[in-house]
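S.K.: What follows is a structure written as structure tokens; I'll ask about it next.
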Amino acid sequence: VQLQASGGGLVQTGGSLRLSCVVSGIIFSSNDMGWYRQVPGKQRELVGGISSGGTTNYVNAVKGRFTISRDNAKNTVYLQMNSLKPEDTAVYYCVAYKIGQIAYWGQGTQVTVSS
């Protein structure tokens, strides 16, 4: 199983980025997916998720700014990030769930928001 995240980079405050995570080795359309992020020295934290049926949920810190979507034909989950803030700076990871638990992690992509 591989989860290959990409799309990170350096952006100014107020800017946008779209992260992608291409998944292989599982039946993608059947899996709930999610995004986490981690700042050095802190624990990884949930950003949000999307069910196999397309229902999304987000933590309060990103609601209204971030959007998770999926394209089952491309085995890809996306994280659209708008109105970025310096506190969004982190390494972002995609995850695949299995029976409600995180089963697989991607390798992470760095997002840096400059003030």
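S.K.: For segment 3-15, what does the Karplus curve 6.51 cos²θ - 1.76 cosθ + 1.60, with θ = phi - 60°, yield as ³J(HN,Hα) per residue in whole Hz, taken in order and with x for Gly and Pro?
M.R.: 10, 10, 8, 8, x, x, x, 9, 9, 7, 3, x, x
S.K.: Let me ask something additional. Is there a quick way to get the dipole size of the chain? I mean about its Cα centre, with the Cβ of Lys and Arg at +1 and of Asp and Glu at -1; what is the value in debye to the nearest 20? List each step's numbers first, then the result.
M.R.: Details: 10 positive and 5 negative charges, 9 e Å.
Its charge dipole is roughly 40 debye.
S.K.: Skip the ligands, DNA and RNA, and give the accessible area per residue of the chain with a 1.4 Å probe, whole Å². Walk me through the intermediate numbers first.
M.R.: Working: 6000 Å² over 115 residues.
Accessible surface, normalised per residue, equals 52 Å².
S.K.: At a Cα cut-off below 17 Å, give the aspartates and glutamates reachable from LYS74, other chains included and same-chain residues fewer than 8 away excluded.
M.R.: Leaving aside aspartates and glutamates fewer than 8 places away in the same chain, those within reach of LYS74 are ASP32.
S.K.: Which lysines, on any chain, are close to LYS85 with Cα under 29 Å apart, when same-chain ones fewer than 8 places away are left out?
M.R.: Answer for LYS85, where 29 Å is the Cα cut-off: LYS42, LYS63, listed by chain and number.
S.K.: Which whole-number percent gives the relative contact order of the chain, counting Cα pairs below 8 Å spaced six or more residues apart?
M.R.: After rounding, I find 35 percent.
S.K.: Quick check: at a probe of 1.4 Å, how many percent of the accessible area of the chain sits on carbon and sulfur atoms?
M.R.: Carbon with sulfur: 47 percent of the solvent-accessible area.
S.K.: Enumerate the calculated ³J(HN,Hα) couplings along segment 70-77 in order (Karplus 6.51 cos²θ - 1.76 cosθ + 1.60, θ = phi - 60°), each rounded to whole Hz, writing x wherever the residue is Gly or Pro.
M.R.: Going residue by residue, I get 9, 10, 5, 5, 9, 6, 10, 10 Hz, with x marking Gly and Pro.
S.K.: What ranking do 85-91, 17-23 get when scored by the average of other Cβ atoms within 10 Å per residue, highest first?
M.R.: 17-23, 85-91
S.K.: So how far apart, in nm, are the two label points at TYR97 and ASN57 if each is 7 Å from Cα heading toward Cβ?
M.R.: That separation, rounded to one decimal, is 0.6 nm.
The values are calculated or read from the model by the stated rules, or taken from the named source; none is laboratory data. In this text the structure is predicted, and so the values were computed from the model without any measurement. With ideal geometry, Cβ positions are generated from the backbone for all residues, glycine too; neighbour counts draw on all protein chains shown. SASA here: full protein model, heavy atoms, side chains in, ligands and nucleic acids out. Shrake-Rupley method; radii C 1.70, N 1.55, O 1.52, S 1.80 Å.
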